[in-house]
Amino acid sequence: MAIDLFQFREFRIRDYHALLRRGEISVEELLEAFLQRIGSVDGQIRAFLSLNEEGARIRAQKLDRDIPPDEFPPLWGIPVGVKDNICTEGLPTTCGSRILYNFIAPYDATVVEKLKRAGAIIVGKTNMDEFAMGSSTENSAFGPTRNPFDLRRVPGGSSGGSAAALASLETPLALGSDTGGSVRQPASFCGVVGLRPTYGRVSRYGLVSFASSLDQVGPMARNVEDCITLFEVISGSDGKDSTCAPYPPFSRQDIPKEEEIRKMKVGIPREYFSSGVDEAIVRRIEEVLDLLRREGLECVEVSLPHTDCALEAYYIVAPAEASSNLARYDGVLYGLREEGSTLQEMYCRTRTAGFGKEVKRRIILGTYSLSSGYYDDYYLKGMKVRTLVRKDFEEALQKCHFLVTPVSPCFPFFLGERTQSPYEMYLADVFTIPSAMAGIPGISINCGYENGLPIGLQILGGPFREGWVFGLALFLEKMLSLSSPFPLLPERS
């Protein structure tokens with residue numbers, strides 16, 4: 001059966017499973033439809049760094065032979081794109097860096113193991129800013145990804161490949177990672193759904209480290225329901241990761257019913273609606289808040305006074321951890337190796353050739369802030385600010401059940417527009433970094449469009465309150481009745 005993905009653009013996992021259960025399509029046919037879509041449009045978007053076509057087809061054939069007699073496992077036969085900093089056995093894991101261009105992962109990350117147990121098919125590894133350091137996916141050593149809504153613009157970052165693959169329906173599900181906003185901001189720029197879980201809610205085993213006290217794997221999907229399904233699969237404790245919280249996998253039973261949502265309070269942080277935010281974004285978020293009020297929810301103003309300090313503190317704490325984590329890339333055991341007459345020269349030549357400009361910038365900044373004589377003035381002070389940011393959220397969330405904010409102060413910007421101004425680039429994450437510093441869950445959902453570009457709305461909740469966050473996201477998705485994205489890209493002949 002030939003599958004027209006345009007007709008399937010509103011499908012959810014349960015819809016694909018209904019077709020599979022009735023025998024109207026096979027897993028192989030479903031996979032081929034997505035591989036054909038990738039082949040026809042990804043040359044323009046470049047969402048994928050590598051494809052797993054042969055392995056995916058073998059996997060699809062096996063799933064067709066082993067169809068379970070009753071209910072399908074949650075991701076049976078569903079293609080998934082995996083960000084290229086998540087280890088996937090037998091496939092490249094480059095982190096978007098030249099220093100790992102030839103590295104093949106020898107094992108699966110815990111989240112990938114869980115995907116496979118749930119019946120998913122890994123179709124490929126998605127593009128990203130090098131070592132997840134960036135907000136536009138322009139820092140990839142293998143070239144930028146483009147936004148499917150406007151090929152002249154960025155898809156956000158660092159999980160821009162995953163977000164763009166979802167928006168263009170090259171895959172129905174994807175994994176990203178979020179250190180300071182790298183799931184939510186590209187989800188916003190590409191009009192899809194992306195969750196940053198509570199720190200420790202998802203195992204980091206097999207996620208290549210950027211900043212270990214901040215990194216989290218996050219589910220990304222074309223709608224909230226599928227994001228929930230993916231989160232149910234990947235969440236839960238893991239003995240391989242000492243930072244993973246001793247919680248069972250998330251269950252959708254934790255999501256409040258619609259009538260309960262209507263009785264909840266929404267917090268509106270005044271600092272997130274200040275000058276510097278695009279007027280069209282503020283206007284749309286305020287329209288959504290008015291809708292919530294009409295539906296019976298109470299909206300209260302709250303304050304997060306250390307918001308302005310969070311960005312600066314993040315760019316002390318995260319680079320400091322990165323400078324330590326990236327010390328392992330020295331040309332000795334794996335990855336790029338540039339020979340030298342001495343060991344020191346080999347280190348220097350390897351790291352000079354292997355790391356890009358932004359990664360070098362953050363290594364230097366992090367090493368400086370940790371160095372003798374500067375530790376107290378920079379890193380220690382940054383950690384103190386982080387504590388203040390966390391306390392801001394604790395106090396605000398005592399007055400309401402969740403917070404609603406913009407995801408980004410700006411629309412997707414043009415390729416090259418901010419590459420010469422690192423601080424301007426960093427400002428794209430000014431509304432996602434504070435919650436990452438606090439370790440709380442946040443989701444980005446699409447809440448509308450302006451001049452054909454999507455607008456992301458962020459819902460933040462207390463630690464391990466993903467259920468409340470998902471509850472409001474489902475409620476808004478239903479109220480707004482927005483279609484899943486399907487940009488009209490010219491297909492290659």
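Every read-out reported here was derived from the displayed coordinates using simple, explicitly stated rules and does not represent laboratory data. Everything numeric here is computed off the predicted structure, so don't read it as measured data. As a convention, Cβ positions derive from the backbone with ideal geometry for all residues, glycine included, and neighbour counts pool all protein chains shown.
The calculated FRET efficiency for Arg294 paired with Asp15, based on their beta-carbon distance and R0 = 25 Å, is about 0.25. The slack in the chain from Lys62 to Gln344, taken as 0.36 nm per residue of separation less the alpha-carbon distance, amounts to 96.6 nm. Just to check I understand the Karplus step: with θ = phi - 60° and J = 6.51 cos²θ - 1.76 cosθ + 1.60, what whole-Hz values come out for segment 419-430, glycine and proline as x? Couplings: 5, 8, 10, x, 5, 4, 5, 4, 5, 5, 10, 5 Hz. Taken as Cα centroids, segment 302-339 and segment 76-130 sit 22 Å apart, rounded to the nearest whole angstrom.
Give the aspartates and glutamates reachable from Lys263 as a straight Cα distance under 19 Å; neighbours fewer than 8 places away on the same chain don't count. Counting by Cα, and skipping residues close in sequence, Lys263 has these aspartates and glutamates nearby: Asp254, Asp290, Glu295, Glu298, Glu301, Glu466, Glu477.
Which pairs in the list Lys265/Lys391; Lys360/Lys381; Lys125/Lys360; Lys360/Lys391 are over 30 Å apart, alpha-carbon to alpha-carbon?
On the way: Lys265/Lys391 19 Å; Lys360/Lys381 23 Å; Lys125/Lys360 24 Å; Lys360/Lys391 32 Å.
From Lys265/Lys391; Lys360/Lys381; Lys125/Lys360; Lys360/Lys391, over 30 Å: Lys360/Lys391.
A straight chain from Asp278 to Glu71 at 0.36 nm per residue would run longer than the Cα-Cα distance by 69.9 nm.
Extension gain, Asp377 to Tyr449, is 21.6 nm, computed as 0.36 nm per intervening residue step minus the present C-alpha separation. Positive end of the dipole of segment 308-385 (Cβ unit charges, origin at the Cα centre): among Ala327, Met383, Thr367, the Cα lying farthest that way belongs to Ala327. Label-to-label distance for Gln398 and Ser237 is 3.0 nm, based on points extended 7 Å past Cα in the beta-carbon direction. For the set Lys83/Lys257; Lys83/Lys240; Lys62/Lys116, the pairs lying more than 24 angstrom apart at their alpha carbons are Lys83/Lys257. Peptide packing for 350-360, 288-298, 377-387 was compared via the average number of neighbouring C-beta atoms within 10 Å per residue; ordered from the highest value, the list is 350-360, 377-387, 288-298. Each part gets one Cα centre, and for segment 396-467 versus segment 15-34 those centres are 35 Å apart.
Applied to segment 432-449, the Karplus parametrisation 6.51 cos²θ - 1.76 cosθ + 1.60 on θ = phi - 60° returns per-residue 3J(HN,Hα) values of 9, 5, x, 5, 5, 4, 7, x, 9, x, x, 10, 10, 10, 7, 10, x, 9 Hz, with x for Gly and Pro. Taking R0 as 35 Å, what FRET efficiency do you get between Glu260 and Glu24 from their Cβ-Cβ distance, rounded to the nearest 0.05? Working from the Cβ atoms, E equals 0.45.
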